[in-house]
Amino acid sequence: MTIEESEIRNARILIVDDQEANVLLLEQMLAEAGYVSVASTMNPLEVCALHRREHYDLILLDLQMPAMDGFQLIEGLKTNAADGYLSVLVITAQSGHKLRALQAGAKDFISKPFNLVEIKTRIHNLLEVRLLYKKLENYSKELERQVEARTAELRESEARYRSLTELASDWYWEQDENGTFTKVSGPVLEMLGIRVPTLAGEDNVFAIGGWNEADREALKTTIAARQPFLDFVFGRINVDGSKQSFRVSGEPMFNSACRFVGYRGIGVELPANR
């Protein structure tokens with residue numbers, strides 16, 4: 001991610017100084033350096049409102065001003081919640097104020113009288129950092145928007161899948177890697193006579209007998225091999241002699257590390273005449 005020189009030259013700059021001579025000197029210096037969006041004010045009381053409206057990329061701030069000094073102004077600028085990166089270059093003739101200004105939130109300082117080469121270099125560097133921050137912030141917002149949009153699409157897709165599953169089957173099921181049912185929907189409990197484990201870790205129990213053991217063993221073998229299965233039919237004979245048949249389909253589930261974490265699938269009870 002880079003910043004073009006043209007972006008830096010078009011950055012929005014505000015000069016804040018109560019001395020007109022200083023303002024004129026800075027305006028001339030910036031114009032000669034190719035900066036095309038420079039504003040100024042000699043009234044520190046209007047700076048916060050100006051910044052909220054114009055969103056300056058850099059503020060050149062004199063510390064010694066009447067009515068409100070530069071330190072108070074920095075504190076006021078920090079209340080602008082919309083600006084996560086406050087780019088302020090303080091200008092002072094007092095060396096003791098430099099550290100205090102940096103601790104208050106200024107990003108850099110320049111001493112009076114001006115060294116024009118030095119101040120142009122510091123302005124360029126601060127603007128480059130500021131514009132990189134803005135570009136990264138915009139990229140993060142766009143990425144967040146895309147993630148939210150994709151999440152919404154996935155939720156809609158999941159809802160459609162769930163709806164289709166409910167229409168195409170009597171139940172949906174999931175098991176963990178130990179074969180314990182972790183999710184069931186539909187009348188699977190009544191159909192299969194399976195008691196879902198409690199949170200205390202009770203094992204799955206086939207509460208109703210009469211299952212075709214050969215069918216069950218074939219299904220268990222497929223599951224043990226971590227293989228998907230489609231339209232697997234198995235059945236049982238109830239106590240009253242009636243027969244029930246079920247058709248199930250399932251697939252193994254793996255996490256991002258390719259570790260097996262269980263099975264999921266759908267099932268349907270077949271009509272008695274089949």
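Rounded, prolate or oblate for region 15-87? Axes are the square roots of the Cα gyration tensor eigenvalues, ordered a ≥ b ≥ c, and the cut-off for rounded is a/c under 1.5.
Numbers: a/c = 2.26, a/b = 1.25, b/c = 1.80.
Because a/c hits 1.5 or more and a/b fails to exceed b/c, region 15-87 counts as oblate.
Go through region 224-236 residue by residue and turn each phi into a ³J(HN,Hα) via Karplus (6.51, -1.76, 1.60, θ = phi - 60°); whole Hz please, and just put x for glycine and proline.
4, 8, 6, 9, x, 9, 10, 6, 6, 10, 9, x, 8
Can you tally the net charge around GLU251? Count Lys and Arg as +1, Asp and Glu as -1, for every other residue whose Cβ sits under 10 Å from the Cβ of GLU251. Please list the in-between numbers first.
Values: positive: ARG226, ARG264; negative: none.
Cβ neighbours under 10 Å give a net charge of +2.
Once you have the Cα-Cα distance between LYS141 and CYS258, take 0.36 nm times their residue separation minus that, and quote the gain in nm to one decimal.
Numbers: separation 117, 0.36 × 117 = 42.12 nm, distance 3.14 nm.
The LYS141-CYS258 span can extend by a further 39.0 nm.
Between ASP17, ASP215, ASP62, find the one with the highest GNM mean-square fluctuation for the chain; connect C-alpha pairs within less than 10 Å.
Among ASP17, ASP215, ASP62, the largest GNM mean-square fluctuation belongs to ASP215.
Taking Rh as the Kirkwood radius computed over C-alpha pairs, what is the Stokes-Einstein D of the chain at 25 °C in a medium of viscosity 0.890 mPa s, expressed in µm² per second?
Working: Rh = 25.0 Å.
In µm²/s, the coefficient rounds to 98.
So if the hydrodynamic radius of region 56-109 is defined as the Kirkwood radius over C-alpha pairs, what does Stokes-Einstein give as its diffusion coefficient at 4 °C and 1.567 mPa s, in µm² per second?
Taking Rh from Cα pairs, D becomes 116 µm²/s.
Averaging sequence separations of C-alpha pairs under 8 Å and six or more residues apart, then dividing by the length of the chain, give the relative contact order as a whole percent.
Working: 394 pairs, mean separation 31.5, N = 274.
Normalised by residue count, the contact order of the chain is 11 percent.
Compute for region 207-274: radius of gyration divided by Kirkwood radius, i.e. Rg/Rh, restricted to C-alpha atoms, rounded to two decimals. Don't skip to the end; give the middle numbers.
Numbers: Rg = 14.1 Å, Rh = 13.3 Å.
Rounded to two decimals, Rg/Rh equals 1.06.
In what order do GLU7, GLU20 fall by count of nearby beta-carbon atoms within 10 Å, going from fewest to most?
GLU20, GLU7
Can you quote the Å³ per residue value for the convex hull of the Cα atoms in region 5-142, rounded to an integer?
Values: hull volume 14.1 nm³, N = 138.
For region 5-142, the hull spanned by Cα atoms encloses 102 Å³ per residue.
Multiply the residue separation of ASN10 and ASP69 by 0.36 nm, subtract the distance between their alpha-carbon atoms, and state the gained length in nm to one decimal. Show your work: numbers first, answer last.
Values: separation 59, 0.36 × 59 = 21.24 nm, distance 2.83 nm.
This chain segment gains 18.4 nm when fully extended.
Helix 116-168 versus the longest principal axis of the chain: what angle, 0 to 90°, nearest 10, using Cα atoms?
Orientation of helix 116-168: about 20 degrees from the principal axis.
Using Cα-Cα distances under 8 Å and only pairs 6 or more residues apart, what relative contact order does region 1-121 have, in percent?
Details: 171 pairs, mean separation 26.9, N = 121.
With pairs under 8 Å counted, the relative contact order is 22 percent.
Treat each spin label as a single point 7 Å out from the Cα along the C-beta direction, and report the ALA224 to VAL129 distance in nm.
6.5 nm
Each value in this text was obtained by applying a stated rule to the coordinates, not by laboratory testing. Nothing here was measured: the structure is a model prediction, and the numbers come from that model. Heads up, the Cβs are rebuilt from the backbone with ideal geometry, glycines too, and the neighbour counts pull from every protein chain shown.
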